[in-house]
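Contents: one structure, followed by commentary.
The values are calculated or read from the model by the stated rules, or taken from the named source; none is laboratory data. Remember, it's a predicted structure, so these values are computed and weren't measured experimentally. Backbone-built Cβ (ideal geometry, glycine too); neighbour counts: all protein chains shown.
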Amino acid sequence: MTEEKILFDEISKLSTEQINPNSKNIDIQSTEEILSIINNEDKNVPLAVEKEIPYIAKAVDVIVEAIKNGGKLFYFGAGTSGRLGVVDASECPPTFGAPYDLINGYIAGGKEAMFVAQEGAEDFESGGEMDVIAAGVTSKDVVCGIAASRRTPYVIGAVKKAKEIGAKTLYITATPRDTFNIKEVDIAMCPNVGPEVVMGSTRMKSGTAQKLVLNMLTTTAFVRLGKTYENMMIDLQQTNKKLVERSKRIVMMITGVKYDEATKYLEITNGHVKTALVMIIANIDLDAANKRLKKADGFVRKAIENIEN
C-alpha cells in the first residue's frame, strides 16, 4: 500500500472527516437556517469538553508542578491548532503577569503561518522535533501538542522529541479517546465534538473545543499559582491604559479606597496590584508587604491572613 493510500485511509476514519447529517443540506438553506445549524452544533462543544475535565485536571496539576519547579509550558500545533496555542501563550503575560517566556506557542511554518496558511509545514515530524530543540525544551518543562485530528506529523514529532528529552507531555485533540494512538504522551485531552458542520473544517467545533481547553489549562494553573484574589486578576501587567484603570478599579473594589488613593498606592508599588492590596488591607509599608507576599508564595489571601504571625 502506498504512503498516499495509507494517509487517505487514516483521514477517512477520523470523526472530523465524516459527513454531519444535521448540516447535509446546508447549501440550500437560508442565511438564518445556516446560522442556526452552526449554533446548534456549537452547543455540543462544552458538553464534550466537560467529559474531559478529569484529564484536564491532571494536566493542570502537571503544569503547576512544573512551573513551581522552574519549568515552562510549550504548545506545538499546526494551522488553527497552532494559532490557538500561540494566542493562549501570548495572552498570559498581560492577564496574569507571567514572564513572557513562561508559556510559549509554536506553529508549524513559523511566525508567517500565524497570518498566511503554511499547510505543507505540518507534514513532517522532523519539523516538530527541530522546533522543540530550538525552543530549548528541558526535562523540567511541559510540552502540549495540539491537533484536532491527533495525527498531524509536526505535532507528533514535537511530542516524541519532548518525551525523549524527559519533559512531561500533554495532547489536545478533538477525536475520540479510543482512537488515540500516541503512546508516548502522558495525558491526552480528547473532547469528541463529532463531524464538523462543513466536513473537515476543524477551525469550527474542533477549534472551539481546543480553545476552551486551553483557557481552562492556563487560567486554572494561574489561579492555583496565586494570580487571582477571589475572581479578580491581581497580577495583570499595566501594558495599556485600560489595564492601568482596571488595576485601580480592582484595588478600589477589594479595599474600599477611593480612586486617588488607589492611584497613589499603585504608584508606590510601581503598578503591582498585589503589593498595593497587602499594604492597604494590612496597613503596612512597601517593604513589609513585599516580605509577606514572598513568604506567602505570592498568595494575597495568605499574606493578609498571616500578617500578624
- Could you list, in sequence order, the residues of segment 96-126 that are of a type outside the set (Gly, Ala, Ser), modelled with pLDDT under 90, under 20 Å from the mean Cα position of the chain (by Cα) and in a helix (DSSP H, G or I)? 111, 114
- Applying the selection to segment 250-274, what residues are outside any helix (DSSP H, G or I) and of a type in the set (S, T, N, Q)? 269, 270
- Message: Within segment 199-218, does at least one residue satisfy the condition of being part of a loop (DSSP other than H, G, I, E, B) and either in the same structural domain as residue 253 (by TED's automatic domain parsing) or charged (D, E, K, R) (or both)?
- Response: yes
- Sole residue being of a type in the set (A, V, I, L, M), more than 30 Å from residue 271 (Cα to Cα) and assigned by TED's automatic domain parsing to the domain that holds residue 205, chosen from 67, 103, 38: 38
- Test set (1) more than 20 Å from residue 203 (Cβ to Cβ); (2) part of a helix (DSSP H, G or I) - residue 1 fails condition number: (2)
- Message: Which numbered condition in (1) small (Gly, Ala, Ser); (2) under 17 Å from residue 94 (Cβ atoms); (3) touching a Gly at 6+ places or on another chain (Cβ under 7 Å); (4) part of a loop (DSSP other than H, G, I, E, B) is the only one that residue 298 fails?
- Response: (2)
- Item | Residues located in segment 32-82, provided they are assigned to a helix (DSSP H, G or I), surrounded by 17 or more Cβ atoms within 10 Å (Cβ to Cβ) and in contact with a strand residue (DSSP E or B) (Cβ under 6 Å, 6 or more places away or on another chain) | 55, 56, 59, 62, 63, 66, 81, 82
- Task: Would you confirm whether any residue within segment 295-303 is surrounded by fewer than 22 Cβ atoms within 10 Å (Cβ to Cβ), touching a residue at least 12 places away in the same chain (Cβ under 8 Å) and of a type in the set (Val, Ile, Thr)?
- Result: no
- Task: Give segment 219-249 a look and list any residue that's part of a strand (DSSP E or B) and within 19 Å of the chain's Cα centre (by Cα), or say none.
- Result: 228, 232, 233
- Message: Among the residues of segment 242-262, are any loosely packed, with under 14 Cβ neighbours inside 10 Å and closer than 22 Å to residue 63 by Cα?
- Response: no
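Here is a yes/no grid of residues against (1) of a type outside the set (A, V, I, L, M, F, W, C); (2) in contact with a Cys (Cβ under 9 Å, 6 or more places away or on another chain); (3) over 30 Å from residue 299 (Cβ atoms):
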| residue | (1), (2), (3) |
| --- | --- |
| 85 | yes, yes, no |
| 92 | no, no, no |
| 98 | no, yes, no |
| 105 | yes, no, no |
| 111 | yes, no, yes |
| 130 | no, no, yes |
| 133 | no, no, yes |
| 136 | yes, no, no |
| 140 | yes, no, no |
- In segment 198-210, the residues that are modelled with pLDDT of 95 or more, of a type in the set (S, T, N, Q) and out of contact with any Asp or Glu (no Cβ under 9 Å at 6 or more places or on another chain): 210
- Task: Looking only at segment 211-227, decide whether some residue is at pLDDT below 95 and out of contact with any Lys or Arg (no Cβ under 6 Å at 6 or more places or on another chain).
- Result: yes
- Task: Scan segment 260-276 and report the pairs whose first residue is among the charged types (D, E, K, R) and whose second residue is part of a helix (DSSP H, G or I), with Cβ atoms within less than 7 Å and a gap of 6+ or a chain change.
- Result: 274/293; 274/300
